Amino acid sequence: MQMSPPTRHALRLALGLMAVLSASAAVGATPDCTPVIESPWVRAAPPGATSLAGYLVLRNPCEAAVEVAGVESKDFGMPMIHRTVVEDGVSRMRSAGKLVVAPGDVLRFEPGGLHLMLMRPLRPLAGGDVARIRLVLADGRRVFAEFPVRREAPAAP
Ligand SMILES: [Cu+2]
């Protein structure tokens, strides 16, 4: 196929632009690196429940540590991060405190430990529904995931 010079010129420009874009993506990998939410889920609760619990694994593949500062959701009026602790044989929930994920490490939110305390659901959430939740990092970035509502924990990845 014979291309006219203007077409060839445009093609060369496009290829050049793609090369620049992919190069900048590689160079920018460290500052633009974002932690990822894996295995998100919300435990199904009876209709009318005033709070639900959410779980996930936050993986930090980046070269810098990240700190989780909070949680936001369109689907809950008051989402929080809690930790379940046993004191004098009694299980209690506390504010999670400072949550730092080292480079290459994971932070697990799981039953009996760290969890998302999702207070005041703003719409009915039954098994099979999906809650939209994002973690807020201390540097202001957000990490979003859709959390399927289910009765049991998903199989470990
Ligand atoms: Cu809680």
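Each reported figure results from applying straightforward, stated rules to the coordinates on display, with no laboratory input. Everything numeric in this text was worked out from a predicted model, so none of it was measured. A quick note on method: Cβ atoms are made from the backbone with ideal geometry, for glycine too, and the neighbour counts reach across all protein chains shown.
Brief remarks follow.
- In Å, descending, principal axis extents of the Cα set of the stretch 33-150: 43, 37, 21
- Charge sum, other residues only, whose C-beta stays under 14 Å from Cys33's C-beta, Lys/Arg counted +1 and Asp/Glu -1: -2
- Summing charges over neighbours of Leu122, with a neighbour being any other residue whose Cβ is under 13 Å away from its Cβ, gives +1 when K and R count +1 and D and E count -1.
- Among the trypsin sites (Lys or Arg not before Pro) within the stretch 52-157, those in coil by DSSP and having at most 11 neighbouring Cβ atoms inside 10 Å are Lys74, Lys98, Arg151.
- Local electrostatic count, Lys74, Cβ distance below 10 Å [Lys/Arg +1, Asp/Glu -1]: +1
- For the stretch 63-153, the list of GluC sites (Glu not before Pro) that fall in a loop by DSSP and count at most 10 other C-beta atoms within 10 angstrom reads Glu152.
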